[in-house]
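First the structure, in the form of structure tokens, and then the observations on it.
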Amino acid sequence: MSNQTVIAQLDALREKINDYNYQYYVLDDPSVPDSEYDRQMKALQALEAEHPELVTPDSPSQKVGGQPLGAFEQVTHEVPMLSLDNGFDEADLTAFEKRVQDRLKSTASIAYSCEPKLDGLAVSILYENGVLVRAATRGDGQVGENITANVRTIGNVPLKLRGDNLPERIEVRGEVFMPREGFEKLNNQQREAGLKVFANPRNAAAGSLRQLDSRITAKRPLMFYAYSLGVVAPDSFILPDSHHERLQQLANWGVPLCPDIGITEGAAGCLAYYQQILTRRDGLAYDIDGVVFKVDDIALQHTLGFVARAPRWAIAQKFPAQEEMTRLLDVEFQV
Ligand code: NAD
């Protein structure tokens with residue numbers, strides 16, 4: 001293939017994915033199913049891997065999410081909010097563990113935090129002296145939208161942390177999502193009122209959270225589960241040195257966690273967790289599109305570091321697509 005042909009292919013893929021991103025992240029109105037999006041992104045990544053000299057910093061493979069909506073005040077994240085690398089099969093998971101071990105120059109067994117990959121929106125919630133002072137969307141990873149008034153209406157988000165030994169500032173990160181039961185109820189209400197129904201819980205959560213009128217958000221059955229930390233100050237504040245224990249610390253302060261998180265050893269343990277959650281998937285109270293594995297030891301996470309848009313110490317192992325193209329195209333929905 002000539003260089004010109006490759007450049008033309010790259011341009012076409014990037015333009016297509018940029019359009020999908022705009023629809024999904026900015027308008028909360030996806031134009032294709034996630035599986036189709038993932039296919040196009042994989043094609044782009046494969047072509048870029050063959051031609052690393054043609055990777056541009058503005059390629060969607062290098063960027064997180066979408067631009068924040070101008071309607072909201074903007075928030076600059078002190079610690080960027082990144083995405084996750086994706087794995088789709090067992091080989092991707094074993095390759096991930098091998099990359100981790102190679103980089104650590106060790107074949108020792110690694111402990112992983114195992115977490116359902118909730119299908120909602122990533123949100124950052126900042127507490128100062130235990131009091132919720134600001135909440136923001138991930139946006140493009142560097143700059144998000146100030147949605148404090150909306151997040152304050154979510155029933156299980158503590159407005160004040162419990163306990164005495166709290167850091168001066170702590171940023172709790174997690175997912176805002178709509179549990180399935182609430183989603184069904186909301187769509188029934190919409191139907192009865194002659195309004196458009198939402199295509200899926202993720203779309204309903206995104207549309208509900210990014211409302212300019214927080215009274216509307218307050219009526220929507222949203223929930224929040226924490227899965228990581230951002231900024232913590234002062235630097236001298238002592239936190240546990242494992243990710244899993246940090247999450248337990250958050251729980252002690254009253255922050256809600258997903259009840260199905262776990263901890264395991266090695267890629268084999270991750271696979272067993274994957275299978276177990278996949279089997280339970282239909283019976284869970286919330287929608288997930290996979291599971292996330294994170295190297296549990298914070299010191300190892302620091303050694304591993306980040307690439308452009310994702311940490312090297314985590315992988316999102318996606319489940320087979322559940323959705324149908326028809327589901328997206330046949331159902332009219334609003335945001
Ligand atoms: P991602 O969804 O692959 O992974 C990162 C996100 O996972 C985080 O930002 C967070 O919101 C979420 N998450 C859930 N549980 C988590 C946990 N326990 N720990 C850490 N993070 C957790 O990445 P992305 O950049 O948000 O989105 C890419 C994906 O979104 C695509 O693979 C595709 O499925 C979907 N998408 C679809 C379209 C479309 O047009 N249909 C467009 C863009 C993106």
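Every number in this text was worked out from the coordinates using simple rules, so none of it is lab data. Model, not experiment: these values are computed from the prediction. Heads up, the Cβs are rebuilt from the backbone with ideal geometry, glycines too, and the neighbour counts pull from every protein chain shown.
Only lysine pairs 8 or more places apart or on separate chains count here, and in the chain those with Cα atoms under 24 Å apart total 23.
Anisotropy class assigned to the chain is rounded, per the alpha carbon gyration tensor with a/c under the 1.5 cut-off.
When the helices of the chain are scored as -39500 (n - 2.57) per DSSP H run of n ≥ 4 and the total is divided over every residue, the value at 222 nm lands at -11000 deg cm²/dmol. To make sure I understand, if each residue's beta carbon is the centre and we count other beta carbons within 10 Å, what order do Ser113, Ser106 fall in, fewest to most? Arranged by neighbour count, lowest to highest, Ser113, Ser106 become Ser106, Ser113. In the chain, Cα pairs under 8 Å separated by at least six residues give a relative contact order of 25 percent.
Restricting the GluC sites (Glu not before Pro) of segment 23-56 to loop positions (DSSP other than H, G, I, E, B) with no more than 12 neighbouring Cβ atoms within 10 Å leaves nothing. Under the criterion of Cα pairs below 8 Å and six or more residues apart, the relative contact order for segment 157-294 equals 34 percent. Here segment 87-108 is scanned for amide nitrogen atoms under 16 Å from the site 7 Å beyond the Cα of Glu265 along Cα-to-Cβ, giving 107-108. Seen through its C-alpha gyration tensor, with square-root eigenvalues sorted a ≥ b ≥ c, segment 89-209 comes out oblate because a/c lies at 1.5 or above while a/b is not bigger than b/c.
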